[in-house]
1. With a Förster radius of 30 Å, plug the Cβ-Cβ distance of H217 and F77 into 1/(1 + (r/R0)^6) and report the FRET value to the nearest 0.05.
2. For the stretch 124-187 and the stretch 26-81, what is the separation of their Cα centres, given in Å?
3. Add -39500 (n - 2.57) for each DSSP H run of 4 or more in the chain, then divide by its residues: what number comes out at 222 nm, to the nearest 500 deg cm²/dmol?
4. How high is the relative contact order of the stretch 98-226, in percent, with contacts defined as C-alpha pairs under 8 Å that are six or more residues apart?
5. So how strong a dipole does the chain carry about its Cα centre when Lys and Arg Cβ are +1 and Asp and Glu Cβ are -1, to the nearest 20 debye?
6. Based on the Kirkwood radius over alpha-carbon pairs, what is the Stokes-Einstein translational diffusion coefficient of the stretch 85-158 at 4 °C with 1.567 mPa s viscosity, in µm²/s?
7. How high is the FRET efficiency from R112 to S170, r the C-beta distance, R0 45 Å, rounded to 0.05?
8. Answer with one residue from W95, L64, L191: the one whose Cα lies farthest towards the positive end of the charge dipole of the chain, charges on Cβ with Lys, Arg +1 and Asp, Glu -1.
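What follows draws every value from the coordinates through simple rules; no lab data is involved. Please read all numbers here as calculations on a predicted model, not as lab measurements. All Cβ positions, even for glycine, are placed from backbone atoms using ideal geometry, and neighbour counts span all protein chains on display.
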Amino acid sequence: MTQASAKIEARGLTQAFDGQPVLDGIDLDVPAGTTLALLGPSGCGKSTFLKLLAGLSRPDAGHLSFGGDIVADATTFVPPEQRGLGMVFQDYALWPHMTVAGNVSFPLEMRRVARAERLHRVEEALTRVGLAGMGARRPSALSGGQQQRVALARAIVAEPRIMLFDEPLSNLDTPLRASLCDAIGELLAQLGTTAVYVTHDRGEADVLAHTIVTLAHGRVENIIHR
Ligand SMILES: Nc1ncnc2c1ncn2[C@@H]1O[C@H](COP(=O)(O)OP(=O)(O)OP(=O)(O)O)[C@@H](O)[C@H]1O
Ligand SMILES: [Mg+2]
């Protein structure tokens, strides 16, 4: 599995809800193949920023490019499925009626990848997240940590240029959190994918990130390069 990575450039990204500014001109660069951790108090706009990257919402102003190509500005809007992204959220968001393999295979089916290649890539992704041979199970027969590993496998299987994480470990117990955090770090290092990782946990940011950005009052308050 060789995955391309793309730099992210955000310039002046602005978003308001009901006249209340939430993001007030965010400028950020994430060099290709690096991980940026996004910290900040509840309600400061972390998930709002991630949704702009994901293409789940449109900025009111500013522009956003991936690998030098504009994905959102005043006139351009590239939809999520064309942005080359993998996403992992807090609540796993697995489909309960599908097997583990079915969940991981879904992004490949959307891209009309042939069945033999799908089977191969699904097993490869499951192996990468430590779930080799678990494809036939239902998500309900897995622990929370294993379910999040399935979500991780689903996020990498289509070889995204960019991965987005929104507090992926916050539903897990502390020991599990540490081991999955290490697993995510190893995976990102192996794949070389560009990543933005939202967390409340400075320890996770320290393990994973090349750059740690703190948002406050809709602005970048602090940037630490490590
Ligand atoms: N779709 C929406 N409509 C109206 N207001 C919204 C919407 N989405 C977010 N907001 C508001 O924008 C602000 C920022 O929300 P956001 O979810 O980005 O915060 P956050 O930093 O991710 O917080 P947390 O750490 O609690 O997840 C909040 O005041 C929230 O109520
Ligand atoms: Mg949030």
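1. Numbers: r = 27 Å, r/R0 = 0.89.
Here the calculated transfer efficiency is 0.65.
2. Centre-to-centre (Cα) distance: 23 Å.
3. The helix-only estimate for the chain comes to -10000 deg cm²/dmol at 222 nm.
4. Values: 149 pairs, mean separation 26.4, N = 129.
It rounds to 20 percent for the stretch 98-226.
5. My answer is approximately 660 debye.
6. On the way: Rh = 11.8 Å.
Answer from the Stokes-Einstein relation: 109 µm²/s.
7. Working: r = 35 Å, r/R0 = 0.77.
Approximately 0.85, to the nearest 0.05.
8. Final value for the positive-end residue is W95.
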